[in-house]
Amino acid sequence: MTERKPTIVLLGIGNEFRGDDAAGLLIVRRFREIDLRGVPVIEETGDGARLLDAWSGSDFVFVFDAVRSNAAPGTIHRLNVLETPPPPDWFIHSSHAFGLAEALELGRQMNRLPTEMIVYGISGRNFELGAAISEEVATACDTVFSTARDEILKRLS
């Protein structure tokens, strides 16, 4: 019997029409440009039910999203959310009543969480409709992509 390889899923959350909220989408789109040996790269708007489905059955999930925090725009936050839940007000910019924070809690209660879930959150400045992504957040997206790419490739080897 062959040993099952751990599954990895990359999940970008955001809205490309709301300024810095596009960060998660921009990051995962870059992952599509490199060979990740069959790793699913998924774009979502932040709807909690869809997020639960997206990571269902996975061992390792990497989530990329813009967050609201008291930190300067472009600040990168990396959390293993199964060990340290994200601050509840990070995702208040979501238009969904049931977003990532709620999906994590429901997944915990239903035993539908992966073995490990890393959230890379980038503190945003502007989430207004029609706004462009800020320079600080765009630069942080480059850094997150490089850091996460190295971490993911290490897990694949």
| Hey, what number do you get for the chain at 222 nm if only DSSP H runs of n ≥ 4 count, each worth -39500 (n - 2.57), divided across all residues, to the nearest 500? | -9500 deg cm²/dmol
| field | Mean Cα-pair separation over length for the chain, i.e. relative contact order, pairs under 8 Å, 6 or more apart, % | value | 33
| query | Taking the Cα centre of each part, how many Å lie between region 34-90 and region 96-123? | reply | 8
| query | What's the exposure ranking of 69, 146, 58, going from fewest to most Cβ atoms within 10 Å? | reply | 146, 69, 58
| query | What helices in the chain pass both tests, a Cα length along the helix axis of 18 Å or more and a mean Kyte hydropathy of -1.0 or higher, using whole DSSP H runs? | reply | 135-156
| Plugging the Kirkwood radius over Cα pairs into Stokes-Einstein for the chain, at a temperature of 4 °C and a viscosity of 1.567 mPa s, what D comes out in µm²/s? | 83
| request: Using DSSP, restrict attention to beta bridges with both residues in the chain and report what percent are antiparallel, rounded to the nearest 5. | output: 25
| Using DSSP loop states and a limit of at most 16 other Cβ atoms within 10 Å to flag GluC sites (Glu not before Pro), what is the longest stretch of the chain containing no flagged site? | 34-82
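Taken together, the values in this text are just the output of simple stated rules run on the coordinates, not laboratory data. The shown structure was predicted, so the numbers you read here are calculated from the model rather than taken from an experiment. All Cβ positions, glycine included, derive from the backbone under ideal geometry; neighbour counts span all protein chains shown.
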